[in-house]
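Everything below concerns the one structure shown next.
Every number in this text was worked out from the coordinates using simple rules, so none of it is lab data. On a predicted model such as this, the values are computed, not experimentally measured, just so you know. Positions of Cβ are generated from backbone atoms using ideal geometry, with glycine treated the same way; all protein chains shown enter the neighbour counts.
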Ligand SMILES: [Zn+2]
């Protein structure tokens, strides 16, 4: 599995290449660039959600997301945090129990500082998801008499 920041960097570059091409070039030129954006977005999701167990409700493969949250005080410098989320697209809207895996960085002043915590925080979100979506323990174990 590749590093989250490497995949994210390639995805951001692919988005910029696509955005530039779609304005000026024919569809035959930008269509492959669009496919690359989609493929890298899927890889980024899988990279964030690496080692996540299947959804305990539907058995589907969970996705991984990163949200950027700004905390903007009336006075002083803004701070930011990255929130990593592991979830099931199929079950999200109908699930009464919130089984998403969540983890967030501390509040910091720069994206570069936050990025140093990307792998660690994503792993924490996966651990949270895995704890909430673990298969039932002892289901097939022999009963004690
Ligand atoms: Zn599901």
Exercise for the section: Quick one: among 76, 111, 60, which has the greatest mean-square fluctuation in a GNM of the chain with alpha-carbon springs under 10 angstrom? Expected result: 76
Handout entry: Angle between the chain longest axis and helix 118-132 axis [Cα atoms, degrees, rounded to 10]
Key = 30
Practice task
Just check the stretch 52-134 against the gyration tensor rule for me: Cα atoms, a ≥ b ≥ c as the square roots of the eigenvalues, rounded for a/c under 1.5, and otherwise prolate or oblate depending on whether a/b exceeds b/c.
Solution key: prolate
Exercise for the section: Sum -39500 (n - 2.57) across every DSSP H segment of at least 4 residues in the chain, then divide by the residue count to get the 222 nm mean residue ellipticity, nearest 500. Expected result: -14500 deg cm²/dmol
Practice task
Taking the chain as the reference, fit the longest principal axis to its C-alpha atoms, fit the long axis of helix 27-48 to the helix C-alpha atoms, and give the angle between the two in degrees, 0 to 90, nearest 10.
Solution key: 30
Completion exercise
Candidates 11, 30, 129; GNM for the chain (alpha-carbon contacts under 10 Å) flags as most fluctuating 30
Exercise for the section: Pick out which of 40, 72, 117 has the largest mean-square fluctuation in a Gaussian network model of the chain, springs linking Cα atoms closer than 10 Å. Expected result: 72
Exercise for the section: Would you mind checking the tilt of helix 4-24 against the longest principal axis of the Cα atoms of the chain, expressed as 0 to 90 degrees and rounded to 10? Expected result: 40
Handout entry: Average Cα contact separation per residue, the chain, under 8 Å, 6 or more apart, as relative contact order %
Key = 21
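So for 79, 94, 105, fewest C-beta neighbours within 10 Å to most, what's the order?
94, 79, 105
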Practice task
Run the numbers on the stretch 52-134 and let me know its relative contact order in percent, using alpha-carbon pairs under 8 Å that are six or more apart.
Solution key: 32
Completion exercise
Quick shape summary for the stretch 1-48, equivalent ellipsoid via Cα gyration tensor, semi-axes whole Å in descending order, reads 23, 10, 6
Handout entry: Taking the stretch 1-48 and dividing mean pair separation by its residue count, relative contact order in percent (alpha carbons under 8 Å, at least six apart)
Key = 57
Handout entry: Packing-based exposure ordering (other Cβ within 10 Å, fewest first) of 65, 24
Key = 24, 65
Handout entry: For the stretch 98-129 versus the stretch 1-79, the gap between their alpha-carbon centres in whole angstrom
Key = 15
